[in-house]
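Enquirer: Take a look at the following structure, please.
The values are calculated or read from the model by the stated rules, or taken from the named source; none is laboratory data. Worth saying up front: this structure is predicted, and the values here are computed from it rather than measured. Don't worry about glycine lacking a Cβ; one is built from the backbone with ideal geometry, like all the others, and counts go over all protein chains shown. When the accessible area is computed, the model is the full protein with side chains, heavy atoms only, and any ligands, DNA or RNA have been set aside. Shrake-Rupley method; radii C 1.70, N 1.55, O 1.52, S 1.80 Å.
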Amino acid sequence: CPRKGGAAGAGMAGGSAEKGLSRGISSDKPPKRPLTAYFRFMKENRSVFRQKNPEVTTMELIKKIADAWKELPASQKQVYEESRKTDWERYKEQLAAYKAQLTPAQAAALKEERRKRLAKRSLFRAKRELTVLGKPKRPRSGFNIFVSENFQESEGISPTAKLKQLFDAWRKMSSSQQQPYLQLAEDDKVRYVNEMKSWEAKMVELGREDLIRSTTQMPKPKTAKTAKKAETAQASSHENKAKLKLKKTEE
């Protein structure tokens, strides 16, 4: 696949190196991180691949581009890599100049935003790894089961309004009316415990003891009274979240 220009995409980025810094940190926009060699290749050739494969989905198109990149000769990949290196040096100079004009308070805000972003990214990667490793889904509460079964038919023009209506309906239900959902929740908890035992045994075989829970994290059986109390507390938590979302939309 021919290149359209030696340094096409210079200064462009898949995401800002200091995303969000313009919000109360500096009136000047921070420099954007240069594209990697692969993303340069994708950016320059995506339209060509789309024209040749108009019927494929976005994911299938990305796979085709990734396969083409893998088959690209090292000499052609090097061209993209050299452009990346050139833009990276320019980016470092621009970033240093940008940070130099920040006040101490702005610099501290910059550092804190970066810390939060990295923590969020780390959490996302950890969750994605657990998904790939097939970790069982956590058990649902009786209220969650009630919501999933009645959400589509519930009144309300927004998800938040629907959730509030369902919470009100759940709170007005008698213990006998809630009992089928609470029993389903207890059954789901048994499912979760059994699946987790099997999954953790598999993780031990794979040498991933770091993913094993401590005994204090294991869910404990609940009496009917305790389960009822826990369900009410959890449902109340859902209502508070729904009210908060509703308040924000009204503002």
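Enquirer: When each pair of different Cα atoms in region 62-163 is counted once in the 1/r mean, what is the Kirkwood radius in angstroms, to one decimal?
Expert: Over region 62-163, the inverse of the mean reciprocal pair distance is 19.9 Å.
Enquirer: Write down the accessible area per residue of region 64-179 in Å², having rolled a 1.4 Å probe over the full set of protein chains.
Expert: Value for region 64-179: 69 Å² per residue.
Enquirer: May I ask you to order 50-58, 181-189, 81-89 by the average number of other C-beta atoms within 10 Å around their residues, highest value first?
Expert: 181-189, 81-89, 50-58
Enquirer: Using the Cα centre of region 36-89 as origin and beta-carbon charges of +1 (Lys, Arg) and -1 (Asp, Glu), tell me which of T57, Q76, F41 is placed farthest towards the positive end of the dipole.
Expert: My answer, from the dipole projection, is T57.
Enquirer: At 0.36 nm per residue, and after removing the present C-alpha to C-alpha distance, how many nm does the segment from R191 to E209 gain when stretched out fully?
Expert: Gain on stretching R191 to E209: 4.3 nm.
Enquirer: Kirkwood Rh over Cα pairs of region 72-120 into Stokes-Einstein at 4 °C, 1.567 mPa s: D in µm²/s? Let's see the in-between values first.
Expert: On the way: Rh = 13.2 Å.
My calculation gives 98 µm²/s for D.
Enquirer: Restricting to Cα pairs below 8 Å that are 6+ residues apart, what does the relative contact order work out to for region 84-206? Please round to a whole percent.
Expert: Once normalised by length, the contact order is 29 percent.
Enquirer: Out of the total accessible area of region 68-163 (probe 1.4 Å, heavy atoms of protein only), what percent is carbon and sulfur?
Expert: That share works out to 56 percent.
Enquirer: Quickly rank 158-169, 191-202 as a protection proxy: mean count of other C-beta atoms within 10 Å, highest first.
Expert: Descending packing order for the listed peptides: 158-169, 191-202.
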